[in-house]
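The structure under discussion appears below in the form of structure tokens.
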């Protein structure tokens, strides 16, 4: 008797897709937890290895370099080998990286471990979105993508105060080993539960009429050449507008949240580690709220459209950073919580819309490739921005283990300039009402 026989949830595709959804969400949760974790353990690494801000920036950014580099091949593999295989294999790689990071005896080994984590978790999001595109209707996709982002980015929430408590309880090394063990279990579960499409379970396609203007998935041979896929995606102006905006918005936001937020709160606002970790939770909490909220608005509110809602999200985020600039880099502690909450909500909303818009610019058979080419933008930006901001901080210098306000203010100026570029780049974007079809040579 098969394992899933008798389970009602496995007999209904509309219920089964939610089982898969939460398995993928749990794996993406860990990916996001890894992404932000350096801000919690930064001082531990300074004390244990004598790391400078530049070294911390390089270590933290290694995740993003590998994450960004693996996105294009992951996208192509998702379109060819299938997302289930990709998710399982890359989750196992992330597990190995977590073990190496926890075993590190110097910053070089810690950097290698974190790079391997970035490589592994880089194979989660794009294939996850590919699965969603096959299991959810077009009118459901933005909302489903928003919930997926929220479920995953609850890991950012866990990487603040909960991870702080875990590190205080177990130490940063044992915490990494524990996360690695959970990652291994999820890799096994993903292979057992995930399916690339409903047909793999013997069900009909969820929505037979999906994107009727584009070729059916089965009509396109897997032999479509890689350069053809890349040429179609890279020749689309709308793709570049979204990618540039993602680059200039995502990288600075991830750098602040994932590396400098806790040190900033401790150095400038005199918060304890627990207080800083608690306030940091407002950023991922906002993300968890904003991703599905903006996604559902994009699905339901036709007046503004996806582009209009995206611009609203980006504009609100810019307004928050304006407060940091006009306050000299030190806004009142009373408004830090609301600022972080709004910034996180806008980050979640804009990311869900970036993904949805990119998906809708191309037919189904290019979903993985298009997302795989666009998704690296924010992470490549973060990989460049983290060591660069570390350099900016070091040029001002530190007193003991703390940095002055001037060091952080320089970072805030660069963040603001980048986000202005990201906002402007999305203004000329035109979104088709239906996906375009492409003929293959």
Per the Kirkwood treatment, what hydrodynamic radius in Å, one decimal, follows for the range 44-193 from the mean inverse distance over all distinct Cα pairs? 16.4
Label assignment, volume of the Cα convex hull per residue in Å³ derived from the structure, set (1) 136; (2) 149; (3) 171: (1)
Over the range 337-400, what per residue volume does the convex hull of the Cα atoms give, in whole Å³? 108
Rounded to the nearest 0.05, what FRET efficiency do residue 228 and residue 424 give with R0 = 30 Å and r taken as the Cβ-Cβ distance? Could you check? 0.40
Between residue 22 and residue 177, 0.36 nm times their residue separation minus their Cα-Cα distance comes to what? 53.5 nm
Can you tell me which of 94-107, 22-35 comes out highest on packing, and rank the rest after it, using the mean Cβ neighbours within 10 Å? 22-35, 94-107
Would you mind giving the three semi-axes, in whole Å and largest first, of the ellipsoid equivalent to the range 272-414 according to its Cα gyration tensor? 32, 19, 13
Using alpha-carbon positions, what is the distance between the centroids of the range 97-112 and the range 51-85, in Å? 17
Per 0.36 nm of contour for each residue apart, how much would the distance between residue 165 and residue 272 grow if the chain were fully extended, relative to their Cα-Cα spacing? 37.2 nm
Expressed as an acute angle from 0 to 90° and rounded to the nearest 10, what is the orientation of the C-alpha long axis of helix 305-326 relative to the principal long axis of the chain? 0
Compute the helix-to-body angle for 161-193: its Cα long axis versus the longest principal axis of the chain, expressed 0 to 90° and rounded to tens. 10
For every helix of n ≥ 4 consecutive DSSP H residues, a contribution of -39,500 (n - 2.57) applies; sum these over the chain, divide by its total residues, and give [θ] at 222 nm rounded to the nearest 500 deg cm²/dmol. -25000 deg cm²/dmol
Bounding extents of the range 345-438 in its principal axis frame from Cα atoms, largest first in Å, are 59, 23, 20
Computed label-point distance, nm, for sites residue 402 and residue 316 using a 7 Å Cα→Cβ extension: 3.4
Most to least packed among 242-253, 75-86 [average Cβ atoms within 10 Å]: 242-253, 75-86
With angles folded into 0 to 90 degrees, how steeply does helix 405-426 sit against the dominant principal axis of the chain? Use alpha carbons for both and round to 10. 20
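Can you figure out the FRET efficiency of residue 325 with residue 204, using R₀ = 51 Å and their beta-carbon distance, to the nearest 0.05?
Step by step, r from the Cβ atoms, then E = 0.40.
Bear in mind these aren't lab numbers, they're just calculated from the coordinates by the rules spelled out. All of these numbers come straight from a predicted model, not from anything done at the bench. In this analysis, Cβ positions are derived from the backbone assuming ideal geometry, glycine residues included, and neighbour counts consider all displayed protein chains.
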